[in-house]
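Data block below; observations after.
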Amino acid sequence: MDFSAAGMSSGELCVRLLDEARVLVYPGSSFGAAGDGYVRVSLLAPTQRLVEGVDRIEGFLARVGNPAR
């Protein structure tokens, strides 16, 4: 998922999502320099848990200010 508009590195975004929104995603930069600004998401959880995770990410972005909005 492209989060480059969030205004932080993919590593910082992942740490903050885990700490502040309790959502675990992986930084795209772990897969090479071209991956910075992206995060990797597993879609193996039940649908309700995925929806909850997306809602938490949306809330986090609303709190920190999302330039893409």
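What to note about this one:
- Computed over Cα pairs, the Kirkwood radius of the chain leads via Stokes-Einstein (1.002 mPa s, 20 °C) to a diffusion coefficient of 177 µm² per second.
- For the chain, the relative contact order works out to 37 percent when only alpha carbon pairs closer than 8 Å and six or more residues apart are counted.
- Amide H contacts of R40 (H built 1.01 Å from N, under 5 Å, at least 5 apart or other chain): Y26, G28
We did not get these values from a lab; they are worked out from the coordinates using the rules stated. Only a predicted model underlies this, so the values are computations on that prediction, with no experimental measurement involved.
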